[in-house]
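Each reported figure results from applying straightforward, stated rules to the coordinates on display, with no laboratory input. Values in this document were obtained by computation on a predicted structure and should not be read as measured data. Please note: Cβ atoms are built from the backbone with ideal geometry, for glycine as well, and neighbour counts cover all protein chains shown.
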Ligand SMILES: CC(C)(COP(=O)(O)OP(=O)(O)OC[C@H]1O[C@@H](n2cnc3c(N)ncnc32)[C@H](O)[C@@H]1OP(=O)(O)O)[C@@H](O)C(=O)NCCC(=O)NCCS
C-alpha cells in the first residue's frame, strides 16, 4: 500500500492569555498549587470574535501553505472537536467554506483523542489510494464549556487549533504512519462528561488521572509492539497535553525520557483535540523532528477514548 505521510503542519491560538495569577484572583486556588499539580502556567482564551471554526481555519490554512499546496489539492477535511460552533451543521462545514476547499468535510468526535483518531482515518483513506490528500484539524474553544466557578477544571483547559496535511507517500519507503492503536472504554463515560442538560464539563479528576496513565502506557506499548520496535527506539514522544504529571508518569512507565517528550502545556493548558497537533507543530518548528525519526503520538480523553500513532518522520525524497 501507499504510505500516508505528514507533509504539512500548522496551528493557531487566540491572543488572550489567562494566567494562574488571574485564576487565583477568581477562585480558591494558587499559582503554586496549579503549577505543582498540573504544570500549567497559562492558557489561551478565545476572544469574542474567535470560534472553533475560525481557529481551525487559521490552523488549516497554515498547514496547507506549509505543505506547499492550495485548497484545491485537498480531497477530504476532518475536524476533530468537542466544542463545535453550533450543534449543526458540523464545524467542518464552516472551515471548508472559509478555506475554499472543494471536498467532503465532516467532524470527528472522540474528544481529546479526536485528532489522533482523525489522523488514522485520513491515513487509511490515503493508503487505500481512494484520496490523495487530507486535511486533519483538531480545534477547540474549551473555555466556553468550563465552569468559571469549578477550580478543578478551570485551571486545566484552554483554546486553540492544530492541523496537518496527510498525503500519499512512496510504498518503497518506510516514512509515514507505521502502526496505530485506537481504544474506548465507554463504561468510564461518567468520569469526564457534560451531563445532559448541563452547560459545563464535570470531571472526577483523580480517576481520569489514574486511567489516563494506564491507557497511554498500554496503547503505546501495543503500537510499538505492532511495529516491532521498543520505547527505546522512540525519538520523539508527543502526548496529549493534559497534565505534566500524567505525561511524566506515562513516560517513566514506558521508558521514554523527558528529553524526548514534547511538553507545551505550561503555555496552553489542555486544548483537547488541538493539543497533539499544536505540540507536533511546535516541535517541528523548534527543529526537534528529524528525517527518519520515530515519532509516537498519544491521545486520551473523555469516553474514555485513547489513540496512539507511530510515524516514521519525513517525506520520501
Ligand atoms: C484535577 C487535578 C489537577 C487535581 O489534582 P489532584 O492531585 O488529583 O488533586 P485531588 O483531586 O486529589 O484533590 C486534592 C485536593 O486539592 C483540592 N483542589 C482541587 N483543585 C484545586 C485547585 N485548583 N486549587 C487548590 N486545590 C484544589 C481538592 O479539592 C482536594 O482537596 P481535599 O483533599 O480537601 O478534598 C488532577 O486530578 C488531574 O489533572 N486529573 C486529570 C484531569 C485531566 O487530565 N482531565 C482531562 C483529560 S483529557
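How far is the Cα center of the stretch 88-119 from the Cα center of the stretch 1-18, in Å? A separation of 13 Å, based on Cα centres. Here is the tail figure for the stretch 178-317: Cα pairs spaced more than 17 Å apart come to 59 percent of all pairs.
One equal scatterer on each Cα of the stretch 38-189, no solvent, Debye formula: the resulting log10 I(q)/I(0) at q = 0.09, 0.19 Å⁻¹ is -0.31, -1.17. The residues 308, 143, when put in order of fewest to most other Cβ atoms within 10 Å, stand as 143, 308. Pairs of Cα atoms nearer than 8 Å and 6+ residues apart set the relative contact order; for the chain it is 26 percent. For residue 172 and residue 248, a Förster radius of 45 Å and the Cβ-Cβ distance give a FRET efficiency of 0.70, rounded to the nearest 0.05. In a Debye calculation with equal point scatterers on the alpha-carbon sites of the stretch 261-317 and no solvent, what is log10 I(q)/I(0) at q = 0.14, 0.15, 0.28 Å⁻¹? After summing over all Cα pairs, the log10 values are -0.42, -0.48, -1.26.
Centre-to-centre separation between the Cα atoms of the stretch 173-213 and those of the stretch 33-72: 21 Å. When both bridge partners sit in the stretch 30-159, DSSP labels roughly 10% of those beta bridges antiparallel. Multiplying the residue separation of residue 266 and residue 235 by 0.36 nm and subtracting their alpha-carbon distance yields 9.0 nm. Between the C-alpha center of the stretch 265-311 and that of the stretch 223-245 there is a gap of 10 Å.
In this simple spin-label approximation, residue 144 and residue 72 carry label points 7 Å from Cα along the Cα→Cβ vector, and these lie 3.4 nm apart.
Summarising the strand pairing of the chain, around 70 percent of its internal DSSP beta bridges are antiparallel. Say a paramagnetic label sat at a point 7 Å from the Cα of residue 286, along Cα to Cβ; which residues of the stretch 9-25 have their backbone N under 17 Å from it? Under cut-off, by backbone N: 10-13. Modelled spin-label separation between residue 128 and residue 86, with each label point placed 7 Å from Cα along the Cα-to-Cβ direction: 3.0 nm. Across all C-alpha atoms in the chain, the radius of gyration and Dmax reach 18.2, 58 Å.
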